[in-house]
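Asks: Next up is a structure, given as C-alpha cells.
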Amino acid sequence: MAQTLQSFIGGRWQGKEAATPLYNALTNGVIYHTHAEQLDFEEAVRYGRKTGVPSLMKLDFQQRAACLKALALYLMERKEELYKISHLTGATRPDSWVDVEGGIGTLFAYASMGSRELPSSNVLHEGPAMALGKRGGFSGTHILVPRGGIAVHINAFNFPIWGLLEKFAPSFLAAMPCIGKPASATSYLTEALVRMMNGSGLLPEGALQLVIGSTGDLLDRLQGPDVVTFTGSADTAAKLRSNRNILNNSIPFTAEADSLNCAILAPDVTPDDPEFDLFVKEVAREMTGKAGQKCTAIRRIIVPQNRVDAVAERLRERLSKIVVGDPSVEGVRMGALASKDQQRDVAERVAMLARGNEMVFGGDALKLVGEGVAEGAFFSPTLLLCRDALRNDAVHDVEAFGPVSTMMTYSDMDEALQLAARGKGSLVSTLVTKDPMIAAHAVPIAAASHGRVLVLEREASVDSTGHGSPLPQLKHGGPGRAGGGEELGGIRAVRHFLQRAAVQGSPTMLSAITGEYVRGGAVRESGIHPFRKHFEDLQVGDSLLTHRRTVSEADIVNFGGVSGDYFYMHFDEIAARDTQFGKRIAHGYFVLSAAAGLFVSPAPGPVLANYGLDNLRFITPVAIGDTIRARLTCKRKVDRNRKDDKGVGQGVVAWDVQVTNQNDELVASYDILTLVSKHA
C-alpha cells in the first residue's frame, strides 16, 4: 500500500489521509500520496518566528557553521538511504550523485566558508570603516545583521535534495528558519531528507519546516523581514512574484527559472581538434544527464555553418550509444522523466520545436531496458536542427524540459553571440574555443545575458566541472527569462539573507558595534603585552605602542644582503636622487621586519603562529635616519571552536598594525593574522 507523505509544521509531523497519488517514474506505479489535510500556515509562520528565530539567534555565525558541518557528516553517513529512494525518480546513480552528494557537499562548502569568513557573533562588518570628517571623530561603515524573519524555499521537482540544501545552507547561516516546499512529483525524496535532518538532533528547534502539497495562503502571511526563494518555471515565478502581499510588504523574492542555455562552438575549432570532441561530449552529457531535466541543460547548440554536418554526425553517433531504461540495470545511462505529466509536456514541446526544423536524432520507438518499465515516463534523446535561427522564434522561446536540444547555425562570431542573446537571459552558456582572443571578445558580450560562462578547451577540460554544474563558490542564477535572481556564490549567498545597514558614529562607537577595532577609536594599554594574553582574555582594542628605532644605512645594506634585494632605490644614491623621493629609502619589507622586532614578544606563549598579512600598504617612504615605531591593536577575534591535538582550544586574532615615523606620519599599514591559544 502506498505511503502517505507528511508535512513537518510547528515541530510535528502532520497528515494521514491520502490525496494526490505520486508515481514511480520507471514503472508508473503509485508509490506515495500527498496528504489531504489542510495546513495551518499561521501556525507555521508563528512557529518559525517565535521558536525558530530565537533558537538560531542563540548561536553565532561560527556555531551555525559548525552545526552545518555536523549535519553534513550525519547525512553523508546515511546517503545510501537517499540513493535508494532517488532511484524511484528515474535517476541514474550519477544523476542521484549530483542531487544527494551534491546537496550534502553544499552543506560542507558553506560550513567551511562560514568558518573561514564569518565572525563569532551575529554582526557581520562590511568594512572598512571610513572617516566622514576632517578631525577623525566621525566615521561610517556598513553592517549585515539577521533579518529576524523566515525563509520560504519553493523548489522544482528535478533536484529534491540539492534544491532544498543549497537554499537551506546560506539561510541557516544567516539565522533564518526555513520552510521548504518541494514540487509534489518528487516530494517523497525531500520528505525522507527532512526526516533524516530532523532525526539528527543537530538542528535548533524551529530551524526547518516542510510543506507537502500546496502552499495555500502561506505567502499571504509573510511579513517584511521574511524572504521567498523560488526555483521552477518562469511562468510560476511571475505568478508568485506578483502576490499582493509580497509586493505590498516589499518582501525579497529571488527566482531561478528554467532557461534556454546554449553552447557555442567557435569557428577556430576543427573536427580534428580535441576541443571538437569536448564540445560534442559536453552537449551529449547535458542532453542526457538527469534525462535532460536540469535548469542548466544545453537547449541550443550554436555551431558554424561549415561544421554543422560534422557536429550532427558526432552527436548522432554518441546519442545512439545511450541505453535508456531502469538505472538499476548495468549499462543503462539514462533513466526516466520525473512523471507521465512531464513526459506529455516534453512531447508537446518537441512537436512545437519540430515545425519547420529537421529531426537529426530521435522520434523513433524507444527501446527500453529493464523489467516493468513499459509504462514508465521515458523519452528518447532528441536532437533537432534549425538552419535559420535568426528568423525562428520557437527555438529561442520554447523549452522542452527533457533530453531535447536544437542545433542552429551561424555565419560569424557576432551572429553566434546574437543567437545566444535571443534566449532573453539564461543561467549558463559554454564557449568552446582554443583561441584566447575569441574568448576575450565573446565572453564580455555573452556575460550580459548569461549568469555563468564556461570557456572550455583542452587545458580546462582536465579539471572542468562541466556546463551544467552550479558550484557553491560561484553565483547561480541569470538575468531576464532565467529569473533575475542569484543563489550560491560563496558567502555572497548568506548576505542575501541578511539586512544591510549603514552605521555612523565615532570610531569608538563603531568598534563596539561591529566587534572590530576601527582606527581612531579608544584603545586599552596595560602592563601586559597583548601577545601574553590568552584568547579568552584578549579584548578588541587591547593595544601596545612600541619603543622607537632609527633606521641606519647598515640596516639597509644588511637587509639587502640577507634578502638579495639590491633594487637601485635602496643602494644607488645618484639614481635615487632623480626619483620622486629624491634619496635612498629602506626596503618596504625591512620596515615590516623591523616593526615585528618592535612589537613581538619573543617568549613562548599564547600566540602560536602568524599565518598571514592582509591589507598591506606602504604609505610614506622610510629614509636613512628616520625613526619608526609601531602600534599593535587587537582588531578582531574569531572563535572557530577548534582544538589542537592536545585538546587545547584556539582562536583567530587579527591585529591592526600602524607603523609611523618621527613626524607621526603613517609609513606602513596592515593586519596580521595569528592563532592564539585558549587556557588549557
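The values are calculated or read from the model by the stated rules, or taken from the named source; none is laboratory data. In this text the structure is predicted, and so the values were computed from the model without any measurement. No Cβ is skipped: glycine too gets one built from the backbone with ideal geometry, and neighbour counts run over all protein chains shown. SASA here: full protein model, heavy atoms, side chains in, ligands and nucleic acids out. Shrake-Rupley method; radii C 1.70, N 1.55, O 1.52, S 1.80 Å.
Asks: Working only within the stretch 274-330, note down all residues that are in contact with a Pro (Cβ under 6 Å, 6 or more places away or on another chain), closer than 18 Å to Phe378 by Cα and not hydrophobic (A, V, I, L, M, F, W, C).
Replies: Thr288, Gly292 - these are the residues of the stretch 274-330 that are in contact with a Pro (Cβ under 6 Å, 6 or more places away or on another chain), closer than 18 Å to Phe378 by Cα and not hydrophobic (A, V, I, L, M, F, W, C).
Asks: Right, next: Consider the stretch 33-47. How many of its residues are part of a loop (DSSP other than H, G, I, E, B) and charged (D, E, K, R)?
Replies: The qualifying residues number 2.
Asks: Filter the stretch 377-391 for residues that are open to solvent by less than 30 Å² (accessible area, probe 1.4 Å) and either touching a Pro at 6+ places or on another chain (Cβ under 8 Å) or in a loop (DSSP other than H, G, I, E, B) (or both) and give the result.
Replies: Within the stretch 377-391, Ala377, Phe378, Ser380, Pro381, Thr382, Ala389 meet the criteria.
Asks: Here is a follow-up. Restricting attention to the stretch 75-90, which residues are part of a helix (DSSP H, G or I), open to solvent by less than 70 Å² (accessible area, probe 1.4 Å) and not polar (S, T, N, Q)?
Replies: Across the stretch 75-90, the qualifying residues are Leu75, Met76, Lys79, Leu82, Tyr83, Ile85, His87, Leu88.
Asks: If you scan the stretch 53-73, which residues turn out to be open to solvent by 50 Å² or more (accessible area, probe 1.4 Å) and not hydrophobic (A, V, I, L, M, F, W, C)?
Replies: Of everything in the stretch 53-73, those that are open to solvent by 50 Å² or more (accessible area, probe 1.4 Å) and not hydrophobic (A, V, I, L, M, F, W, C) turn out to be Pro54, Lys58, Gln63, Lys69.
Asks: Which is among the hydrophobic types (A, V, I, L, M, F, W, C) and closer than 25 Å to Leu454 by Cβ, of Leu474, Leu510, Leu498?
Replies: Step by step, each of Leu474, Leu510, Leu498 is checked, and only Leu474 is among the hydrophobic types (A, V, I, L, M, F, W, C) and closer than 25 Å to Leu454 by Cβ.
Asks: While we're looking at this one, here's another question. Kindly indicate which of Ala255, Ala237, Ala263 is open to solvent by less than 50 Å² (accessible area, probe 1.4 Å) and in a helix (DSSP H, G or I).
Replies: Sole residue among the options that is open to solvent by less than 50 Å² (accessible area, probe 1.4 Å) and in a helix (DSSP H, G or I): Ala237.
Asks: Exactly one of (1) without any contact (Cβ under 8 Å) to a residue 24 or more places away in the chain; (2) under 30 Å from Leu219 (Cα atoms); (3) not basic (Lys, Arg) is unmet by Pro170. Its number?
Replies: It is condition (1) that Pro170 fails.
Asks: A further question follows. Test Gly582 against the stated conditions and say whether it is of a type in the set (Gly, Ala, Ser), open to solvent by 30 Å² or more (accessible area, probe 1.4 Å) and under 30 Å from Gly515 (Cβ atoms).
Replies: no
Asks: Sticking with this one: Identify the residue in the stretch 136-168 that is more than 19 Å from Leu488 (Cα to Cα) and touching an Asp or Glu at 6+ places or on another chain (Cβ under 6 Å) and, among all such residues, is most open to solvent (accessible area, probe 1.4 Å).
Replies: Checked the stretch 136-168; the qualifying residue most open to solvent (accessible area, probe 1.4 Å) is His142.
Asks: Out of everything in the stretch 363-393 that is more than 17 Å from Glu415 (Cα to Cα) and among the acidic types (Asp, Glu), what residue ends up being modelled with the lowest pLDDT?
Replies: Asp364
Asks: Name the pairs: first residue in the stretch 193-212 and in contact (Cβ under 8 Å) with a residue 12 or more places away in the chain, second residue assigned to a loop (DSSP other than H, G, I, E, B) and open to solvent by less than 20 Å² (accessible area, probe 1.4 Å), Cβ to Cβ under 7 Å, at least 6 apart or on different chains?
Replies: Leu193/Ile161; Gly206/Pro177; Ala207/Pro177; Ile212/Leu5; Ile212/Gly15
Here is a yes/no grid of residues against (1) open to solvent by less than 10 Å² (accessible area, probe 1.4 Å); (2) farther than 19 Å from Glu399 by Cα; (3) assigned to a loop (DSSP other than H, G, I, E, B); (4) in contact with a Ser or Thr (Cβ under 9 Å, 6 or more places away or on another chain):
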| site | (1), (2), (3), (4) |
| --- | --- |
| Glu459 | no, yes, no, no |
| Asp463 | no, yes, yes, no |
| Pro470 | no, yes, yes, yes |
| Val494 | yes, yes, no, yes |
